[in-house]
Amino acid sequence: MTDLTGKTALVTGASRGIGRSIAERLAADGALVAVHYGTNEAAANDTVATIQKSGGNAFAVRAELGVDDDVDTLFAGLEEGLDGRPLDILVNNAAIIDYDGTIDKITRAAYDRQFAINVRAPLFITQRALPLMRDGGRIINVSSGVTWFATPEIAYGMTKGALNVFSRSLAQSLGARGITVNTVSPGITETDMNGWLNDPQAAQHVAGMIALGRHGQPADVGDAVAFFASEDARWITGQTLEVNGGLLLG
Ligand code: NDP
């Protein structure tokens with residue numbers, strides 16, 4: 001457990017899956033957490049309630065990402081919840097995947113939507129967050145192993161490649177303020193995004209590709225993000241951590 005007492009955090013896409021685990025872990029470590037979501041208000045409220053029941057502090061912020069006023073909407077809710085406090089930790093986690101997006105089928109609209117949510121939103125959320133952030137803050141971007149192994153969903157992988165480039169450049173730009181920027185790259189993790197893991201044959205097949213012999217759980221990723229958010233990670237910036245149980249090691 002790391003100590004984030006007195007810190008504040010924004011986690012995008014924190015109503016479900018990996019983002020929810022990140023929010024729960026940062027709150028357990030003592031941070032006040034803004035639980036961002038797009039449409040699933042019940043899930044966001046459930047995340048906040050779970051955090052509060054465990055003695056943590058959190059509030060929900062609704063903003064659909066990938067649309068014109070996404071950043072304005074998000075920061076209106078965020079700043080209201082922060083009530084004058086600065087922001088210490090930003091986790092750009094929300095993303096979508098188009099499972100029909102193979103090279104023969106992908107449409108311009110699906111390509112644009114994935115880039116708007118997975119790349120444009122993190123960049124402009126970060127731009128807007130920086131004036132609110134204290135020096136010495138933390139930015140953690142959630143990418144994917146699909147940046148180094150090939151998958152059919154071509155534009156999704158391209159968005160995550162762009163995010164990796166964004167992280168590295170941002171780390172260089174923000175070093176003077178002592179703000180670290182790192183990337184966590186999950187492998188195959190049991191969330192709503194991976195509904196195909198409900199097929200026992202597919203599930204067994206992919207578990208066989210993982211050295212530790214199981215699929216990832218959201219908390220496996222949340223704990224890695226908490227490390228980058230902590231004081232222990234003060235001398236690490238511009239790096240990518242593969243959090244995947246040893247996926248495709250050989
Ligand atoms: P989920 O689909 O389970 O959850 C997605 C979250 O993002 C939800 O909170 C959702 O909000 C929010 N979200 C999605 N689209 C929008 C939008 N347009 N506007 C606002 N919020 C939005 O995803 P995961 O937890 O599986 O994935 C989290 C991150 O991890 C993503 O960046 C993903 O690419 C990455 N990743 C996941 C892997 C996996 O195996 N699961 C593997 C590698 C990377 P709402 O509840 O309101 O819909």
Original post:
Per-residue accessible area for Lys105 at 1.4 Å probe radius, Å² rounded to 10?
Top reply: 130
Subject >> All lysines inside 26 Å of Lys53 as judged from Cα atoms, apart from same-chain residues fewer than 8 positions distant >> reply: Lys7
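Given a 1.4 Å probe and heavy atoms of the protein chains only, how would you sort Phe166, Phe227, largest accessible area at the top?
Values: Phe166 35, Phe227 80 Å².
Sorted descending by solvent-accessible area, the residues read Phe227, Phe166.
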Original post:
So how much accessible area does Leu132 have, in Å² to the nearest 10, using a 1.4 Å probe?
Top reply: 40
Original post:
Expressed as a rounded percentage, what relative contact order does the chain have, with Cα pairs under 8 Å and six or more residues apart?
Top reply: 20
Original post:
Using the heavy atoms of the protein chains alone and a 1.4 angstrom probe, what is the accessible area of the chain per residue in square angstrom?
Top reply: 48
Subject >> All lysines inside 21 Å of Lys160 as judged from Cα atoms, apart from same-chain residues fewer than 8 positions distant >> reply: Lys105
Original post:
Sequence-distant or interchain residues sharing an amide H contact under 5 Å with Ile179, placed H: which?
Top reply: Gly136, Gly137
Original post:
Could you give the angle, 0 to 90 degrees to the nearest 10, between helix 17-28's Cα long axis and the longest principal axis of the Cα atoms of the chain?
Top reply: 30
Original post:
Using Cα atoms only, what is the angle between the long axis of helix 41-53 and the major principal axis of the chain, expressed in degrees (0 to 90) to the nearest 10?
Top reply: 60
Original post:
Is it possible to state the helix-based mean residue ellipticity at 222 nm for the chain, with each DSSP H run of 4+ residues giving -39500 (n - 2.57), the sum divided by total residues, to the nearest 500 deg cm²/dmol? What is it?
Top reply: -12000 deg cm²/dmol
Original post:
Going by accessible area, probe 1.4 Å, with all protein chains left in place, what is the ranking of Arg138, Arg113, Arg20, largest first?
Top reply: Arg113, Arg20, Arg138
Subject >> Under-5 Å amide H pairs with Val35, H placed in peptide plane, nonlocal only >> reply: Phe59, Ala60, Val61
**OP:** Express as a percent, rounded to the nearest 5, the fraction of DSSP beta bridges in the chain (both residues included) that run antiparallel.
**Re:** 5
Original post:
In the neighborhood of Thr191, defined by Cβ-to-Cβ distances under 10 Å, what is the net charge if each Lys or Arg adds +1 and each Asp or Glu adds -1?
Top reply: 0
Original post:
Along the positive direction of the dipole of the chain (beta-carbon charges: Lys, Arg +1; Asp, Glu -1; about the Cα centre), which of Pro122, Ala60, Gly77 reaches farthest?
Top reply: Pro122
Subject >> Cβ-based net charge around Ile97, under 12 Å, with every Lys or Arg adding one and every Asp or Glu removing one >> reply: -2
**OP:** Calculate how steeply helix 154-174 sits against the longest principal axis of the alpha-carbon atoms of the chain, using the helix alpha-carbon long axis, and give the answer as 0 to 90 degrees to the nearest 10.
**Re:** 30
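The values are calculated or read from the model by the stated rules, or taken from the named source; none is laboratory data. The shown structure was predicted, so the numbers you read here are calculated from the model rather than taken from an experiment. Reconstructed Cβ throughout: ideal geometry from the backbone, glycine too, with neighbour counts over all protein chains shown. Heavy atoms of the whole protein, side chains included, go into the accessibility calculation; ligands, DNA and RNA do not. Shrake-Rupley method; radii C 1.70, N 1.55, O 1.52, S 1.80 Å.
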